[in-house]
Amino acid sequence: MNALLEPWDGAFGLPPFAAIKDEDFAPAFDQGLAEARAAIAAIADGPGTSFTEVIEALELAEATLDRVGGVFWNLAGADSTEAREALQRELAPKLSAFSSEIANNKALWAKIEALWQTREGLGLTAEQMRVLTLYRQMFVRAGAELEGKKAERLTAVKSRLAVLGTQFSQNLLADERVWVMELSEADLGALPGFVQDAARAAGAERGLGAVVTLNRSLIVPFLQFSPNRALRQKAYEAWVARGENGGETDNRGVAAETLALRAERAALLGYPDFAHFKLEPEMAKTPGAVRDLLMRVWEPAKRKAVADAGVLEAMLVADGQPAPLEPWDWRYYSEKRRLAEHDLDEAALKPYLGLEAMLGAQFDCANRLFGLEFREIPGPFYHPDVRGWDVTRAGEHLAVFLGDYFARGSKRSGAWCSAMRGQRKLGGDQRPIVVNVCNFAKGDPCLLSYDDARTLFHEFGHALHQMLSDVTYGFISGTNVARDFVELPSQLYEHWLEVPAVLEQHARHHETGEPMPRDMLARLLAAGTYDQGFATVEFVSAAMVDLEFHTGAAPADPMQKQAEVLEALGMPHAIRMRHASPHFAHVFSGDGYSSGYYSYMWSEVMDADAFAAFEEAGDPFDPEVAARLEKFILSAGGSEEAEALYLKFRGRMPGVEPLLQGRGLLEPA
């Protein structure tokens, strides 16, 4: 018996996690592919030509494949095993070939094109017209109009790109998994208690004493608090060298080949370069529009960062250390400066930001805004650390929400939201299973930094986009929107963490239950724009490198191109781009954010303006604004163009000024 292929008749239709074995996945994928091929052949070769017989049938053709893949791809990122990694490598070319088969099916393409040409007389709803438009666009961009050798070459290129994306992510995970730096008792003792606890927990997982690993939730506080400059340098250089260590896990060659093949893919489809191809369906549309936004933010951010670097370097020299300020020094002296200027000590702050308290805060905000209620449900889920909630409104089940919050060796770095099952109404009301994955340092209890708490809210914003989705077609549900629109709900939700009343209610000491002292809360919120020069410079530089990688001819040596872009920007010496190319998973583990890393900032232009709608209403939980937000953004998915949806919510498009103001970078008048 293969649990993946049996009916999932447990509570909420959840996958039977306890019964699923690694060896179940390959035959389940094979059956899913076989069923999908048969269904698509019946659509392409059968007599049906209507929207229902073609597009709606395509929507349901991959039901088993979607169900199996929803489980597998979540496990592959969040709880990898050797067997799962091997299957990933096997599936990459197989699924790419399947995708190309569909794009190259001329009979199927002819039916879609016929629907498109006669669309005005079909009596389609607005949502159906949008779905037809996007299906046709998808097929054209996948090469449906190509013939002969061009079509064959595009198929080969996409297959190789799928293999390279898998290889890149697995190399990165291998580098992150293997590196540790053991700490002496003296070096451990110089750190705050919460960092000591995290270092001991990370070591215990590996059968060692206290260690520093390359997990962001451990290495960043180490860099903030370790007074040992040599150890900071060792840890930092290992962190930024992921994917660049030579040998089998080196990603530099993978990146170079990926960029060359992306450029070839774009050329085969008639585009001048990959950036023009990738940005065409996004809000930005062109590389020029992206570059304009990034450079408008870059100059004020760089001025702020350079000024801050001067202050930090003076602190370094006053400590008896030789200049210049280095990248492994920035966080240490910035933390000292934050304590001096804002009287904010992260070690004193974290006891009020326990994971349980912040989960309560994110759920409470969702309740006050959208009437959602969260009831914790028992597992087992796919890992013992995972927790689940039944999400309801007025007694009606809306979704299952799973939270997987702790770092472990089997989980790739970062934080993300995925849907094991998406929302749709076609073929029956299918409610989503939504997963938030983070990499917080495990503790008893788990205490978060303010940045960690922001990440928690960010990913939950994505989850709300999935859970509140209310469309007929899965193709446009949830986060199936323009890439530079997808970060709007997530970044917007972060703003509620800054609402004083939210922190007053939920930021409570994990031992005493006492609320965060009012003066500490005031200092925390007053420091909201602290060090934004640094944060903005490291982000924008990475976004510019991504954009320039894909604009014009592909660079033969990405590392040289990266250096040239940073030199042209005048990158400050003591700051590195947020993700160096060999570990830039957003860009090279698949092409989701390729030419698209800028999208966080494009969305931030909107999220700053969107939250201002609540401020203008005089209430961060204003019911009328919240209702508009749900109707036109969170529930609408990709049912309309992103700009049209935002205009319906806000009435106008914003400028860049709210973003600069929100980051404390607006030049004085």
*Scan of segment 176-189 for residues that are at pLDDT 95 or above and within 19 Å of R216 (Cβ to Cβ), ordered by number*: W179, V180, M181, L183
_Output for segment 144-155, where each listed residue is small (G, A, S) and either under 21 Å from L134 (Cα atoms) or in contact with a Ser or Thr (Cβ under 9 Å, 6 or more places away or on another chain) (or both)_ = A144, A151
*Would it be correct to say that L75 is modelled with pLDDT of 95 or more, assigned to a helix (DSSP H, G or I) and touching a Gly at 6+ places or on another chain (Cβ under 6 Å)?*
no
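Say we look at segment 21-43 and pick out the residues that are among the hydrophobic types (A, V, I, L, M, F, W, C) and within 15 Å of E90 (Cα to Cα); which of these is surrounded by the most Cβ atoms within 10 Å (Cβ to Cβ)?
F25
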_Suppose the filter is crowded, with 23+ Cβ neighbours inside 10 Å and among the basic types (K, R); does R424 pass it?_
yes
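Could you tell me whether segment 474-483 includes any residue that is part of a loop (DSSP other than H, G, I, E, B), touching a strand residue (DSSP E or B) at 6+ places or on another chain (Cβ under 9 Å) and at negative phi?
From segment 474-483, those part of a loop (DSSP other than H, G, I, E, B) are 477-482; that's our starting set.
The next check asks that each one be touching a strand residue (DSSP E or B) at 6+ places or on another chain (Cβ under 9 Å); those that pass are 477-479.
Cutting the leftovers down to at negative phi gives us 477, 479.
Scanning segment 474-483, I find at least one residue that is part of a loop (DSSP other than H, G, I, E, B), touching a strand residue (DSSP E or B) at 6+ places or on another chain (Cβ under 9 Å) and at negative phi, so the answer is yes.
Out of the residues in segment 588-612 that are touching a residue at least 60 places away in the same chain (Cβ under 8 Å) and of a type in the set (A, V, I, L, M, F, W, C), state the one that is surrounded by the most Cβ atoms within 10 Å (Cβ to Cβ). Don't jump to the end; show me each part of the working.
Keep residues of segment 588-612 that are touching a residue at least 60 places away in the same chain (Cβ under 8 Å), which gives 588-596, 598-607, 610-611.
With of a type in the set (A, V, I, L, M, F, W, C) added as a condition, the list becomes 588, 601-602, 605-606, 610-611.
Details: F588: 30, M601: 23, W602: 24, V605: 25, M606: 26, A610: 24, F611: 23.
By that ranking, first place goes to F588.
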*Could you figure out which of (1) buried (at least 20 other Cβ atoms within 10 Å of the Cβ); (2) of a type outside the set (F, W, Y); (3) touching an Asp or Glu at 6+ places or on another chain (Cβ under 8 Å); (4) over 30 Å from G422 (Cα atoms) isn't true of R663?*
(3)
*Residue list for segment 478-519, restricted to those being over 15 Å from L369 (Cβ atoms) and of a type in the set (S, T, Y)*: T479, T512
_Just to verify a result, which residue in segment 616-634, among those that are in a loop (DSSP other than H, G, I, E, B) and free of Cβ contacts under 8 Å to residues at least 12 places away in the same chain, is surrounded by the fewest Cβ atoms within 10 Å (Cβ to Cβ)?_
G618
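Restricting to helices (runs of 4 or more DSSP H) lying wholly in segment 323-387: which have 3 or more residues that are buried (at least 19 other Cβ atoms within 10 Å of the Cβ)? Explain how you work it out, then say what you get.
Values: elements: 327-342, 346-349, 355-370.
Correct list: 327-342, 355-370.
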*Given (1) surrounded by fewer than 20 Cβ atoms within 10 Å (Cβ to Cβ); (2) farther than 30 Å from Q137 by Cβ, number of the condition H506 does not satisfy*: (1)
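Kindly check whether there is at least one residue in segment 508-519 that is of a type in the set (A, V, I, L, M, F, W, C) and either part of a helix (DSSP H, G or I) or within 30 Å of E630 (Cα to Cα) (or both).
Our first condition is that a residue be of a type in the set (A, V, I, L, M, F, W, C); within segment 508-519, this holds for 516.
Narrowing the set further to residues that are either part of a helix (DSSP H, G or I) or within 30 Å of E630 (Cα to Cα) (or both) leaves none.
Scanning segment 508-519, I find no residue that is of a type in the set (A, V, I, L, M, F, W, C) and either part of a helix (DSSP H, G or I) or within 30 Å of E630 (Cα to Cα) (or both), so the answer is no.
Listed here are the residues, each with its yes/no results for (1) among the polar types (S, T, N, Q); (2) over 23 Å from the mean Cα position of the chain (by Cα).
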residue	(1), (2)
D24	no, yes
A41	no, yes
L91	no, no
S96	yes, no
*asked:* Regarding segment 402-420, can at least one residue be identified that is among the basic types (K, R), touching a residue at least 40 places away in the same chain (Cβ under 8 Å) and surrounded by 22 or more Cβ atoms within 10 Å (Cβ to Cβ)?
replied: yes
*Can you name every residue in segment 520-553 that is closer than 26 Å to A267 by Cβ and either without any contact (Cβ under 8 Å) to a residue 12 or more places away in the chain or outside any loop (DSSP other than H, G, I, E, B) (or both)?*
A542, A543, M544, V545, D546, L547, E548, F549, H550
_In segment 202-216, the residues that are surrounded by fewer than 19 Cβ atoms within 10 Å (Cβ to Cβ) and either farther than 17 Å from L231 by Cα or touching a Pro at 6+ places or on another chain (Cβ under 6 Å) (or both)_ = A204, E205, R206, G207, L208
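Can you confirm whether segment 307-322 contains a residue that is within 23 Å of A543 (Cβ to Cβ) and within 23 Å of the chain's Cα centre (by Cα)? Steps first, please.
First pass over segment 307-322, keeping only residues within 23 Å of A543 (Cβ to Cβ): 307-309.
Now narrow it down to the ones that are within 23 Å of the chain's Cα centre (by Cα): none.
No, segment 307-322 has no match at all.
Return a yes/no flag: does segment 29-44 have any residue that is free of Cβ contacts under 8 Å to residues at least 60 places away in the same chain, out of contact with any Cys (no Cβ under 8 Å at 6 or more places or on another chain) and either among the charged types (D, E, K, R) or assigned to a loop (DSSP other than H, G, I, E, B) (or both). Lay out the reasoning, then the answer.
Filtering segment 29-44 down to residues free of Cβ contacts under 8 Å to residues at least 60 places away in the same chain leaves 30-32, 34-35, 38-39, 41-42.
After this cut, where a residue has to be out of contact with any Cys (no Cβ under 8 Å at 6 or more places or on another chain) as well, the list is 30-32, 34-35, 38-39, 41-42.
Next, from what is left, pick out any that are either among the charged types (D, E, K, R) or assigned to a loop (DSSP other than H, G, I, E, B) (or both): 30, 35.
Yes, segment 29-44 contains a residue that is free of Cβ contacts under 8 Å to residues at least 60 places away in the same chain, out of contact with any Cys (no Cβ under 8 Å at 6 or more places or on another chain) and either among the charged types (D, E, K, R) or assigned to a loop (DSSP other than H, G, I, E, B) (or both).
Given the options L503, L497, name the one that is touching a strand residue (DSSP E or B) at 6+ places or on another chain (Cβ under 9 Å), in contact (Cβ under 8 Å) with a residue 24 or more places away in the chain, more than 30 Å from L279 (Cβ to Cβ) and in a helix (DSSP H, G or I).
Answer to the check: L503.
What residue, of L124, L115, L154, is modelled with pLDDT of 95 or more and either among the β-branched types (V, I, T) or outside any helix (DSSP H, G or I) (or both)? It would help to see each step written out before you state the result.
Values: L115 fails: either among the β-branched types (V, I, T) or outside any helix (DSSP H, G or I) (or both); L154 fails: either among the β-branched types (V, I, T) or outside any helix (DSSP H, G or I) (or both).
Result of the check over L124, L115, L154: L124.
For residues in segment 458-498 being β-branched (V, I, T) and out of contact with any Cys (no Cβ under 8 Å at 6 or more places or on another chain), which is farthest from L60 (Cα to Cα)? Full working, then the answer.
Here is the first cut: in segment 458-498, the residues β-branched (V, I, T) are 471-472, 476, 479, 481, 486.
Of the ones still in play, those that are also out of contact with any Cys (no Cβ under 8 Å at 6 or more places or on another chain) are 471-472, 476, 481, 486.
Numbers: V471: 15, T472: 12, I476: 14, V481: 20, V486: 24 Å.
It comes out as V486.
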*Return the residue satisfying two criteria in turn: it lies in segment 388-401 and is out of contact with any Phe, Trp or Tyr (no Cβ under 9 Å at 6 or more places or on another chain) and surrounded by fewer than 16 Cβ atoms within 10 Å (Cβ to Cβ), and of such residues it is farthest from G207 (Cα to Cα).*
A394
*asked:* Can you say whether L492 is surrounded by 24 or more Cβ atoms within 10 Å (Cβ to Cβ), of a type outside the set (D, E) and more than 25 Å from E127 (Cβ to Cβ), as far as the supplied structure shows?
replied: no
_Of the conditions (1) under 29 Å from P351 (Cβ atoms); (2) surrounded by fewer than 23 Cβ atoms within 10 Å (Cβ to Cβ), V435 satisfies every one except a single condition; which number is it?_
(2)
_in contact (Cβ under 8 Å) with a residue 12 or more places away in the chain, out of contact with any Asp or Glu (no Cβ under 8 Å at 6 or more places or on another chain), crowded, with 20+ Cβ neighbours inside 10 Å and on the phi < 0 side of the Ramachandran plot: is that true of K111 in this structure?_
yes
*Which of (1) at pLDDT 95 or above; (2) of a type in the set (A, V, I, L, M); (3) under 25 Å from W496 (Cα atoms) is the odd one out, the single condition A580 does not satisfy?*
(3)
_Suppose the filter is over 17 Å from the mean Cα position of the chain (by Cα) and at pLDDT 95 or above; does P489 pass it?_
no
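The values are calculated or read from the model by the stated rules, or taken from the named source; none is laboratory data. Being a predicted model, the structure only gives us computed values, none of them experimental. No Cβ is skipped: glycine too gets one built from the backbone with ideal geometry, and neighbour counts run over all protein chains shown.
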